[in-house]
Amino acid sequence: MIKIDPILKEIASIFNTNGKEIYLVGGAVRDMLMGKKIHDWDLASSALPGEVAAIVRKAGGKVIPTGIKHGTVTVIYKKHSAEVTTFRTESDYTDGRRPDSVSYAATIQEDLSRRDFTMNAIALGLPAGKIVDPFGGEADSKAKIIRCVGNANERFSEDGLRPLRAVRFAAQLGFTIDNNTLNAISGVLPVCAKVSWERVRDEINKILASNQPSIAFRLMEQTGLLELFLGELSACRNIEQKGFHEFDVLDHSLLACDYAAAKNYSHELRLAALLHDIGKPSVREMGKEGVWTFYRHEEKSEIMARKLLRRLRYSNAIIEKTCHLIKEHMFIYTPDWSNSAVRRFIARVGESYLDDIYKLRHADVFGFAGKEQNHNYKTQNCSLLQLIDRVDKAILQDQAFTIKDLAVNGSDLIKIGIPAGKTLGIILKELLETVLDDPKQNTRETLLKIAQGYSEKLYH
Ligand code: ATP
Ligand code: MG
């Protein structure tokens, strides 16, 4: 028996006493039937938006007209909120993106018939809890199948976002896509191409937030969606690497990304794991010993990732963080690194990025062979631990790793006659280099003397 929240029942009875039907719909019903906790209350009602507002206000609740164009209002009742949408029918999608107009439907059955997948087209009548399931959604969700409501080709042609939603749900829920539904995707790619990059990004974010993002990316590859939206990644297929690597660049990247998701790493780390090697196909060259080389691929990957993330309209903060991680992912530590090499590593990566760069390395190493580091990779494992240890010690010694940590600042240099501007910046960088080499030089007196020397060289 399905347990329905008492507040939800109360909201429903208010509608019923006013002669209106109301149902719980969408993801909430799907999740409830799978025994999961539900987070949003999406409701569908026979009441028109104006009637919803009147009914709710009369009962002491509040109403926010969040999506009036689509017939949706947000209802706030006893500190709980729910989205109430009038039964809808959508007929014309001339641009393949969103319906040209929303018209209201008379029945819940009609409303359910315009929904994307059978598992999302189940309604729970409130307050009694009677299931309305005209398309066999409950059976499909029990069998873990994603299937279009009606004809897949038609449903996808109406809205090019639906194929992406299908692969996203596959990763999120661990479901498989029914063959007819899956096979229809490759035929509607031109419709998918019309979807805005923001909406594509939102789906990619949900894929990355899932436990196993590769499920969706592999389905995207199989159907052509990967080439359409993330061509840089599909170009990594069949780029063989050898050496430590057992997989081509695409499989390696997907393994790294899955690792990042399994370890609950941040969104930027998941993106970095997915994209860290996308520069490899364009820099690959056959080396003398018959082994592929990917010289400075991290730089190429960074440039390509920045372009890709901009295209997907990611925020600058996400782009900068992800790209920095990608650019720095290729450090090769060996125990013979000098202390100053360790300090330079900290300075280059930045203290606040150190944890993430180690995590990215774990994901990267996992992607070599699709397993946790084991004895085969002992050298890397041990050497990373040793590097971390040396980095921690250097940080504890409170040494200077940025210009801000120097014993002098810009205005000190201006006071001794160095003009403000580009040269000043160059000299500060030089001073940091000096201090990274030898922390003992980080005193006011010494640095001012060195700065004086530089400026004399530059100006005389
Ligand atoms: P979640 O919120 O967990 O991602 P959801 O199924 O609730 O999953 P929403 O995007 O919140 O997804 O949409 C709510 C419901 O609206 C869906 O379950 C589906 O019935 C319907 N729906 C959403 N987007 C579409 C679409 N593009 N085409 C057809 N129906 C859709
Ligand atoms: Mg939802």
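The values are calculated or read from the model by the stated rules, or taken from the named source; none is laboratory data. In this text, all values refer to a predicted model and were calculated from it rather than measured experimentally. Every residue, glycine among them, receives a Cβ derived from its backbone with ideal geometry; neighbour counts consider all protein chains shown.
Suppose the filter is of a type outside the set (D, E) and away from ligand 1 (no atom under 12 Å from the Cβ); does V25 pass it?
Answer is no for this residue.
Counting only residues that are within 11 Å of ligand 2 (Cβ to nearest atom) and under 19 Å from V63 (Cβ atoms), how many does region 37-47 have?
The qualifying residues number 3.
Filter region 200-233 for residues that are among the small types (G, A, S) and surrounded by fewer than 18 Cβ atoms within 10 Å (Cβ to Cβ) and give the result.
Of everything in region 200-233, those that are among the small types (G, A, S) and surrounded by fewer than 18 Cβ atoms within 10 Å (Cβ to Cβ) turn out to be A209, G224, G231.
So, in region 1-36, of the ones that are touching a strand residue (DSSP E or B) at 6+ places or on another chain (Cβ under 9 Å), over 21 Å from K79 (Cα atoms) and in a loop (DSSP other than H, G, I, E, B), which residue ends up farthest from ligand 2 (Cβ to nearest atom)?
Within region 1-36, the match that is farthest from ligand 2 (Cβ to nearest atom) is K20.
Scanning region 19-41 for residues that are among the basic types (K, R) and over 17 Å from V52 (Cβ atoms), which turns out surrounded by the most Cβ atoms within 10 Å (Cβ to Cβ)?
Top of the filtered list is R30.
Among residues belonging to region 44-57 that are under 21 Å from S113 (Cα atoms), away from ligand 1 (no atom under 11 Å from the Cβ) and touching a residue at least 40 places away in the same chain (Cβ under 8 Å), point out the one that is surrounded by the most Cβ atoms within 10 Å (Cβ to Cβ).
Checked region 44-57; the qualifying residue surrounded by the most Cβ atoms within 10 Å (Cβ to Cβ) is S45.
Given the residues Y104, Y77, which is the only one that is modelled with pLDDT of 95 or more, among the hydroxyl-bearing types (S, T, Y), more than 19 Å from R162 (Cβ to Cβ) and in contact with a Gly (Cβ under 9 Å, 6 or more places away or on another chain)?
Y77
Residues are listed down the side, and each one gets a yes or a no for (1) assigned to a helix (DSSP H, G or I); (2) on the phi < 0 side of the Ramachandran plot; (3) within 16 Å of ligand 2 (Cβ to nearest atom); (4) not assigned by TED's automatic domain parsing to the domain that holds E90:
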{"site": "S157", "(1), (2), (3), (4)": "yes, yes, no, yes"}
{"site": "V167", "(1), (2), (3), (4)": "yes, yes, no, yes"}
{"site": "N180", "(1), (2), (3), (4)": "yes, yes, no, yes"}
{"site": "I185", "(1), (2), (3), (4)": "yes, yes, no, yes"}
{"site": "V195", "(1), (2), (3), (4)": "no, yes, no, yes"}
{"site": "D202", "(1), (2), (3), (4)": "yes, yes, yes, yes"}
{"site": "L208", "(1), (2), (3), (4)": "yes, yes, no, yes"}
{"site": "M220", "(1), (2), (3), (4)": "yes, yes, no, yes"}
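Going by the structure shown, is G174 more than 16 Å from ligand 2 (Cβ to nearest atom), touching a residue at least 12 places away in the same chain (Cβ under 8 Å) and either buried (at least 16 other Cβ atoms within 10 Å of the Cβ) or among the aliphatic types (A, V, I, L, M) (or both)?
Spelling it out, it is not the case that G174 is more than 16 Å from ligand 2 (Cβ to nearest atom), touching a residue at least 12 places away in the same chain (Cβ under 8 Å) and either buried (at least 16 other Cβ atoms within 10 Å of the Cβ) or among the aliphatic types (A, V, I, L, M) (or both).
All but one of (1) more than 16 Å from ligand 2 (Cβ to nearest atom); (2) out of contact with any helix residue (DSSP H, G or I) (no Cβ under 7 Å at 6 or more places or on another chain); (3) at negative phi hold for K79; which doesn't?
(3)
Taking S282, is it closer than 30 Å to S196 by Cα and over 21 Å from the mean Cα position of the chain (by Cα)?
Yes: the conditions hold for S282.
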